[in-house]
Amino acid sequence: IPFESELQASAEVPLDQMVSAYSAFPNKGIRVQPHVIRKVLDRDGGPLEEWKYTTYKVMNEYVALTMVSMMRGVVTSGTATAATSLGVPLAGKTGTVNDHTDVWFIGYTPTYVTGVWMGYPGRKRPLGNDMTGGKGALPMFIEFMKTFLKDKGKEDFPKAPSMPEDMRELYRQRQRELALQRAELAA
């Protein structure tokens with residue numbers, strides 16, 4: 001993968017940052033800071049430097065796992081159905097930028113998040129009118145994940161918990177507001 005400054009996803013966000021953001025969904029709302037090098041050892045095998053996990057709570061568990069459920073639909077019946085060939089529970093999102101200058105797919109299992117981006121680093125050049133995230137990036141994701149997941153066990157995504165009461169109350173309040181707006185429009 002090219003360095004962050006060379007590789008941009010659809011909204012000019014580097015791919016590693018997009019993958020990090022998506023990591024919060026299967027991780028129940030906890031985002032893991034991306035890293036490149038886990039540890040540096042001296043010539044005798046002793047650690048000189050070691051990366052410490054840096055995580056951030058970015059959403060509640062209900063929202064994160066509800067997003068997983070929705071993104072599973074992209075794989076089971078949406079633009080990434082070819083990924084079902086891997087035979088493991090997957091969720092993800094395809095992406096295609098206007099004018100087909102960038103395409104991507106970010107997919108995840110309950111444990112691993114992987115992103116694939118296609119485009120011309122540093123400049124916007126069309127990849128072709130028929131190029132989409134599902135046609136370009138997804139096949140590369142599938143090929144990589146076939147090998148990567150080969151010796152790993154199958155896992156299931158956790159189910160979303162019940163909607164928290166504070167969110168449920170906000171939902172009811174919004175429904176009341178919408179009902180009032182409809183009544184005003186009807187009158």
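The alpha carbon convex hull volume per residue for the stretch 120-185 rounds to 259 Å³.
Working from label points 7 Å from Cα in the Cα-to-Cβ sense, the Ala186 to Ser77 distance is 3.0 nm.
Hydrophobic long helices, here whole DSSP H runs in the chain with Kyte-Doolittle means of at least -1.0 and Cα atoms spread over 20 Å or more along the helix axis, are found at 61-77. The candidate values are (1) 18.6, 67; (2) 20.1, 81; (3) 17.0, 51; the one derived from this structure for Rg and Dmax of the Cα atoms in Å carries the label (2). The residues of the chain expose, per residue, 64 Å² of accessible area to a 1.4 Å probe.
The length gained on full extension between Val40 and Ser85, counted as 0.36 nm times the residue separation minus their Cα-Cα distance, comes to 12.5 nm. Along the stretch 105-115 the Karplus relation, 6.51 cos²θ - 1.76 cosθ + 1.60 evaluated at θ = phi - 60°, assigns HN-Hα couplings of 9, 10, x, 8, 9, x, 10, 10, 10, 9, x Hz to successive residues, with x for each Gly and Pro.
Computed extension gain for Met70 through Asp166, at 0.36 nm per residue and net of the alpha carbon distance, reaches 32.4 nm. Across the protein chains, with a 1.4 Å probe defining accessible surface, the residues Trp104, Trp51 rank Trp51, Trp104 from largest area downward.
Of the accessible area of the chain, computed with a 1.4 Å probe over protein heavy atoms only, carbon and sulfur atoms account for 54 percent.
When the surface is traced with a 1.4 Å probe over the full set of protein chains, Tyr62 keeps roughly 50 Å² accessible. Measuring only protein heavy atoms, the 1.4 Å probe finds Thr66 accessible over about 40 Å².
The values are calculated or read from the model by the stated rules, or taken from the named source; none is laboratory data. Predicted model, so just to flag it, every value in this text is computed and none were measured. Methodologically, a virtual Cβ is constructed for each residue, glycine included, from the backbone with ideal geometry; neighbour enumeration extends over all protein chains shown. We work out accessible area using only protein heavy atoms, side chains counted, and drop any ligands, DNA or RNA first. Shrake-Rupley method; radii C 1.70, N 1.55, O 1.52, S 1.80 Å.
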